[in-house]
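Trainee: What follows is a single structure, and I will ask about it in a moment.
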Amino acid sequence: MTDFDKIINFRDLGGLPVGKKTVRPMRLLRSAHLSDASPSDISRLQNEYRLRKIFDFRTYPEAESAPDKVIPGAEHILLPTLDEEEERRSGEAVPAQTWLNLPKHIVQLSFTALFQKKARELYPSLVLSEYSQLQYAAFLNMILETPDGAVIWHCSQGKDRTGIGAAFVLSALGADRETIIADFDLSNRQYAPIVNELCAQVQAQGGGEDEMDVVRAFMGVSTRNFRAALAMIDERWGSMDTYLEQCLGINAQDRMLLQSRYLQ
């Protein structure tokens, strides 16, 4: 993980092993939102990383409330990966202000059946929803259309929606399952202090594992649930390669092109 002044949970996938090769450094980047990026952060992304595209997986209210800073030379592409309309249709929509102020409310919300359900279903919804699949498909295809420089993708905290995106990228490059899971789990290192503090508050109010799982899912990452989502892909599609081709439009030729550009 690389330190920036005001960009948290940033990491360069460069150096991760893929068979006998590794991911090229300074090409594939992931992080939390860029709305607080400092002038130094902006300069580094522009000049050091030669950033070309910013993929923003946040919802429209999230992006509007905290717009990314402009990075000269980089195109900003908003690709919300959560289907807000489906949430509204289901009657389980959560007010935008609740999501925007989640750390203040998560202890109380962890005791509700709705948020316990949302914690369980977050990762499956990102891999099974046709809406989410279309957004991730667009993301991968636009990476294919970026022959040089770096791309970065992010959501609010750079962990769940961003982590699923990273899993798809690394899978297309041919990384093994444990490498993908280890990268996903790194977000827990970033958010461990707040997760531990909030879990202690949950316990102090009489909460147990179900309630703490909500905190872990929304304030950190649930590696257990992530493994289960990957297993769900294997069970329903037979392999990640088949899922990439049938659901995200990335075929063997596309994977070879990605590998030629992003592996060394």
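Bear in mind these aren't lab numbers, they're just calculated from the coordinates by the rules spelled out. Remember, predicted model here, so these are calculated numbers, not experimental data. Backbone-built Cβ (ideal geometry, glycine too); neighbour counts: all protein chains shown.
Trainee: Anything in region 10-24 that is assigned to a loop (DSSP other than H, G, I, E, B) and touching a strand residue (DSSP E or B) at 6+ places or on another chain (Cβ under 6 Å)? List them, or say none.
Mentor: Passing the criteria: 10, 13, 14, 15, 16.
Trainee: Out of region 27-78, which residues are within 16 Å of the chain's Cα centre (by Cα), over 17 Å from residue 136 (Cα atoms) and outside any loop (DSSP other than H, G, I, E, B)?
Mentor: 62, 63
Trainee: Collect the residues in region 60-81 that are buried (at least 21 other Cβ atoms within 10 Å of the Cβ) and either out of contact with any Cys (no Cβ under 9 Å at 6 or more places or on another chain) or over 18 Å from residue 165 (Cβ atoms) (or both), keeping them in residue-number order.
Mentor: 71, 74
Trainee: Name every residue in region 216-250 that is farther than 27 Å from residue 142 by Cα and within 17 Å of the chain's Cα centre (by Cα), in order of residue number. First the steps, then the outcome.
Mentor: Here is the first cut: in region 216-250, the residues farther than 27 Å from residue 142 by Cα are 216-220, 222-225, 228, 235.
Within region 216-250, 216, 217, 218, 219, 220, 222, 223, 224, 225, 228 meet the criteria.
Trainee: Related question: Taking residue 182 as the residue in question, decide whether it is within 19 Å of residue 123 (Cα to Cα) and either surrounded by 14 or more Cβ atoms within 10 Å (Cβ to Cβ) or among the acidic types (Asp, Glu) (or both). Steps first, answer last, please.
Mentor: On the way: within 19 Å of residue 123 (Cα to Cα): yes; either surrounded by 14 or more Cβ atoms within 10 Å (Cβ to Cβ) or among the acidic types (Asp, Glu) (or both): no.
Taking the combined requirement at face value, the residue does not satisfy it.
Trainee: Within region 1-41, work out how many residues are in contact with a Leu (Cβ under 6 Å, 6 or more places away or on another chain), among the charged types (D, E, K, R) and closer than 23 Å to residue 68 by Cα.
Mentor: Here the count works out to 1.
Trainee: For region 138-192, give me each residue that is closer than 30 Å to residue 100 by Cα, assigned to a helix (DSSP H, G or I) and among the β-branched types (Val, Ile, Thr).
Mentor: Matches in region 138-192: 143, 162, 164, 169, 180, 181.
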